[in-house]
Amino acid sequence: MEIFKVNGIKILYKQNKKLPIVWARVFTGVAAGREDTAGIANLCARIMSKSTLKRNVAQLSKDIDSIGASLETDMDYDFSAISISSLSNYFSQSLEILADVIINPAFNESEIEFEKKNVLASISARRDSISKTARDAFAREYFNRTPFANPIAGNIESVKSISKENIKNWRAKAYNAREILIVVAGNVSKAEVKVAVEKYFSALPKGKVLPIPKTNFPKLSGKRVNISGKFSQAYILKGYTAPDIKNENFATLKVITALLGSRMSARLFVELREKLGLAYEVNALYPTFVNKSYFGVYMGLDKKNVGLAERKMEEILKDLGINKVSRAELKNVQNYISGVYLLDRQTLGRQSYYLGWREITGLGYKYDEKYLKQILKVTPQDIYKAAKKYFNNPALTVTVMPEEKPKTAKLK
Amino acid sequence: MKMNKNINKVVLKNGLQVIIEKDASCPLVSVAVFVRVGAVDESVEVSGLSHFVEHLLFKGSKNFPQDSLSRNVENSGGYINAATSKEYTCYYINTQKSACTDTIKMLADITQNPNFPADEIEKERGVVLEEIARHFDDPHSVLFDMFTQTLYKKSAYKNSIIGTAKVIKNVSREKIIEYFKTHYIPQKMTVAVVGDINPQKIKELLNQTFGKISKGIIPKSPQITEPKTTPKTLTKKARVEHAYMLSGFLGPCVQSPDIYTADVAMYILGGSRASRLYSRLRDGLRLVYSISGSFMSVKGTGTAYISSAFNPKNKTKVIKAINAEVENIIKNGITPEELFRAKLSIKTDWNFLHETFSERAYNAGYWNVIGGSSVLTNYLSGIERISVGDVKAFFKKYAGTPKGAAKISSAVLLPDNRGKSGNF
């Protein structure tokens, strides 16, 4: 693993000769969490990867296909990435295409309008999923009026309002030599990487680092949001205020997530699914954010069991702040996290994704190793303290309930 | 990438097939157990039983009672899950190399000595009923069932994997055990082990564990050949936000050399942004939000899928345009450039697929259990042999009428326009 600069652009390079493949990812930290118009980061990346000044839509698609490559975008609140993967003997060509997309997007008016329609359809289609319906309602309430309150794709009104000028400005702000990080992982040499970046990225404007806008997160007061849904199942998502990745309790809350969810032997799974047979899907989540996050528990279930399930969920959470977790149980959870960590990082795609994410958000690429060490240091006392601190606060509860008297049958 | 010299295939004395691949590049191991039982083996009276059995195998076995299987796997840093398909059920564990021996012992025990505790069966009915409810709340799952029922009429591929709530509520423990005993026999099983292992020792261990399962009487094979049918479009209205459509046609079975052409042909039709369907229907005519195509090999009559989403007002145009693209290939064929791009992309995907032990174990087990073990060794050479003429002939043979018209069936979910739901 090495980090170096070419023409002022930071490069993170990891060689791996196991297979003849390579990933190149361009990360930027100017992402959805810094938006003034929701959905602009996503729309901008989509438009950039459609066509360039050199290549129209059809030509770009053909050129990617001609080297057997795949171009993709990864959007999150703290970072965005536009990436290309290919066989390593096509590395130079694939990097040329990636640079073209980053430096020379065409921003064709009619393509922008068409992509906006597609994005609007994807936002509407979120209402066809019970979990997304609940998750979106939760974020709207919890992150009220901040950029984190919207799905990455934005909302209907915001996306409709985005103009070509807005997109061009966003591109200039997010994808310049100072803001981006290029991660290359795979079967290519450092010299090849240097030559290719020098050759294809030299025209990238230097740009300037802009101050990170301050987000004023609202304070959570215990609240319920009840949605009457078109689904036959009911759904509960209950969330508590939880800290960001830099907080001293971050690793402890990640351990709690695996103690309660993620695994078949996790407490929520065992109590609510295995012992009571109430749900198929029951889990805990703690999104990794650089700013504020939340700790949530959720399940899909029959509406008649909502009351019972909610009581049980609360009991299970509160119990962590009453009875200390045994060292044996904690050890098992830590083993699980360490094991899955290795399994998850078998592919170059995942490795380059984690490295870039950590680096671009200011944690540093070495954080990925530190993270595991922090997980292994968590003690029963840490869990006890964190549970007391976070799970006694008011929760935000979102429920999606089937309509009382559906006018017609369900999807079936 | 060719199946390398580190892969061994062995048939144990009881007929159970084993695939072992050594790769010491990281200290991990993946074990996948495939049993050739799924929706195709079910009568209406037991619809969904293969999937229910899959759930119940996690409820303890003779030497690993209660939930000790999942607990042991997870406590030693592993991941465990299972899946049921039309024609196989798969149990897989991805874990640390140090846990390999225990992993094999446990998987062998649950697949031959499950306890099926009566009280656990009762509780698990509730879990599966919730899974069924979730299935019918999801447009993609509903559409998949509609599509297979449109395409398959005579063969058992028309059967639903998730099954019916009625069966799950009522099926007796005796019936469950009888079904299990009929199908979980070594002659219907494949075990794939990939990772940082000693192949000889693993072979011995498999002999001492999976090798001890008694042979059974192979049940009558289900009818899995679908005679050619007339294309049909099945449309249903539902509370969805836009139109979802699955279209396609019947393809070759796994034993046919045409499966290689099928992968190339469907890549050219809908496998990438440069494909015929994507470039024409999405980027050219702007009729769809998304569209893609692929081919799924099964033991019997395979399926070529085309998945799309669009504004409901475009439904007729989309169907017409898909037909037009297929007819264009039947009439005019494809270009050498398209063929080159498809072959290179498939080769690239194959390399990326080999990054993880879990994908390799799954891939090996899957091809073997559906009777196409030679595909593992021949895949890339099979793809390399395809000519432009083969692709044209493929569409003519499988997706065309004698006169060259497209023969595509579709299932469509359309919004019922009853307004938005919930608080939106």
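Observations on the structure shown:
- Cβ-Cβ distances below 6 Å connect the following pairs, each with a first residue in segment A:197-209 that is touching a residue at least 12 places away in the same chain (Cβ under 8 Å), a second residue that is surrounded by 11 or more Cβ atoms within 10 Å (Cβ to Cβ) and basic (Lys, Arg), and a separation of six or more residues or different chains: A:Gly207/A:Arg178; A:Val209/A:Arg178.
- Just so you know, in segment A:97-111 the residues that are assigned to a loop (DSSP other than H, G, I, E, B) and among the hydrophobic types (A, V, I, L, M, F, W, C) include one that is farthest from the other protein chains (Cβ to nearest Cβ), and it is A:Phe107.
- Of the numbered criteria (1) more than 10 Å from chain B (Cβ to nearest Cβ); (2) touching a Ser or Thr at 6+ places or on another chain (Cβ under 9 Å), the one A:Val340 fails is (1).
- Any hit, segment A:321-335, residues being part of a helix (DSSP H, G or I) and closer than 25 Å to B:His354 by Cβ: no
- Test: residue in segment A:134-142 that is within 24 Å of B:Arg286 (Cα to Cα) and crowded, with 20+ Cβ neighbours inside 10 Å: no
- Restricting attention to segment A:231-255, the residues being in contact (Cβ under 8 Å) with a residue 40 or more places away in the chain and within 30 Å of A:Ala177 (Cα to Cα) number 3.
- Single match in A:Lys54, A:Lys50 (criterion: within 9 Å of another protein chain (Cβ to nearest Cβ) and either part of a loop (DSSP other than H, G, I, E, B) or in contact with a strand residue (DSSP E or B) (Cβ under 9 Å, 6 or more places away or on another chain) (or both)): A:Lys50
- Taken over segment A:295-308, the criterion of being surrounded by 23 or more Cβ atoms within 10 Å (Cβ to Cβ) and not β-branched (Val, Ile, Thr) is satisfied by A:Phe295, A:Gly296, A:Tyr298, A:Met299, A:Gly300, A:Leu301.
- Residue ID - nearest to A:Ser51 (Cα to Cα), chosen from residues in segment B:259-290 that are more than 12 Å from chain A (Cβ to nearest Cβ) and out of contact with any strand residue (DSSP E or B) (no Cβ under 8 Å at 6 or more places or on another chain): B:Val264
- Among the residues of segment B:213-234, the ones that are more than 23 Å from B:Tyr398 (Cβ to Cβ), in contact (Cβ under 8 Å) with a residue 12 or more places away in the chain and open to solvent by 70 Å² or more (accessible area, probe 1.4 Å) come to 4 in all.
- Screening A:Ser66, A:Ser94, A:Ser86 for residues that are over 21 Å from the mean Cα position of the chain (by Cα), within 9 Å of chain B (Cβ to nearest Cβ), surrounded by 24 or more Cβ atoms within 10 Å (Cβ to Cβ) and of a type in the set (S, T, N, Q) leaves exactly one candidate, A:Ser86.
- The residues in segment B:298-344 that are under 15 Å from B:Leu414 (Cα atoms), more than 14 Å from chain A (Cβ to nearest Cβ) and surrounded by fewer than 18 Cβ atoms within 10 Å (Cβ to Cβ) can be counted, and the count is 2.
- Scanning segment A:274-284 for residues that are within 9 Å of another protein chain (Cβ to nearest Cβ) and either open to solvent by less than 30 Å² (accessible area, probe 1.4 Å) or under 18 Å from the mean Cα position of the chain (by Cα) (or both) turns up A:Gly277, A:Leu278, A:Ala279.
- Breaking point among (1) more than 14 Å from every other protein chain (Cβ to nearest Cβ); (2) out of contact with any helix residue (DSSP H, G or I) (no Cβ under 8 Å at 6 or more places or on another chain); (3) in contact (Cβ under 8 Å) with a residue 12 or more places away in the chain, for B:Phe295: (2)
- Checking A:Asp382, A:Asp368 one by one, the residue that is touching a Ser or Thr at 6+ places or on another chain (Cβ under 7 Å) and away from chain B (no Cβ under 14 Å) is A:Asp382 and no other.
- Cβ-Cβ contacts under 7 Å between residues 6 or more apart (or on different chains), taken from a first residue in segment A:219-230 that is at the interface with chain B (Cβ under 7 Å from one of its Cβ atoms) to a second residue that is basic (Lys, Arg), are listed as A:Lys230/B:Arg239.
- In segment A:285-337, the qualifying residues are those that are small (Gly, Ala, Ser) and closer than 27 Å to A:Ser232 by Cα, and the one that is nearest to the other protein chains (Cβ to nearest Cβ) is A:Gly300.
- Only a single criterion out of (1) open to solvent by 40 Å² or more (accessible area, probe 1.4 Å); (2) more than 21 Å from A:Thr252 (Cβ to Cβ); (3) more than 28 Å from the chain's Cα centre (by Cα) is not satisfied by A:Arg350, namely (3).
- Candidates are the residues of segment B:100-131 that are within 9 Å of chain A (Cβ to nearest Cβ) and open to solvent by 10 Å² or more (accessible area, probe 1.4 Å); the one that is nearest to A:Leu342 (Cα to Cα) is B:Glu131.
- Per-region count, segment A:72-83, residues within 14 Å of another protein chain (Cβ to nearest Cβ) and open to solvent by 30 Å² or more (accessible area, probe 1.4 Å): 2
- Tally of residues being part of a strand (DSSP E or B) and either among the aliphatic types (A, V, I, L, M) or under 22 Å from the mean Cα position of the chain (by Cα) (or both) across segment B:402-418: 7
- Residue in segment B:277-284 that is within 26 Å of the chain's Cα centre (by Cα), under 25 Å from B:Thr229 (Cβ atoms) and not polar (S, T, N, Q) present: yes
- Within segment A:202-243, the only residue that satisfies the criterion of being open to solvent by less than 60 Å² (accessible area, probe 1.4 Å), charged (D, E, K, R) and either modelled with pLDDT of 95 or more or touching a strand residue (DSSP E or B) at 6+ places or on another chain (Cβ under 6 Å) (or both) is A:Lys238.
- When B:Ala82 is tested against (1) open to solvent by less than 30 Å² (accessible area, probe 1.4 Å); (2) over 18 Å from A:Val270 (Cα atoms); (3) under 23 Å from the mean Cα position of the chain (by Cα), exactly one condition is not met: (2).
- For segment A:244-263, the set of residues classified as open to solvent by less than 40 Å² (accessible area, probe 1.4 Å) and either within 11 Å of chain B (Cβ to nearest Cβ) or closer than 30 Å to B:Glu241 by Cβ (or both) consists of A:Ala258, A:Gly261, A:Arg263, listed by residue number.
- Any pair with Cβ under 6 angstrom, 6 or more apart, that starts in segment A:263-280 at a residue that is over 17 Å from A:Gln334 (Cβ atoms) and ends at one that is modelled with pLDDT of 95 or more and among the acidic types (Asp, Glu): A:Ala279/B:Glu130; A:Tyr280/B:Glu130; A:Tyr280/B:Glu131
- Restricted to segment A:13-47, and to residues there that are part of a loop (DSSP other than H, G, I, E, B) and within 14 Å of chain B (Cβ to nearest Cβ), the residue that is surrounded by the fewest Cβ atoms within 10 Å (Cβ to Cβ) is A:Lys17.
The values are calculated or read from the model by the stated rules, or taken from the named source; none is laboratory data. Just so you know, these numbers come straight off a predicted model, no measurement behind them. Positions of Cβ are generated from backbone atoms using ideal geometry, with glycine treated the same way; all protein chains shown enter the neighbour counts. Accessible surface is based on the protein model in full, side chains and every heavy atom, while ligands, DNA and RNA are left aside. Shrake-Rupley method; radii C 1.70, N 1.55, O 1.52, S 1.80 Å.
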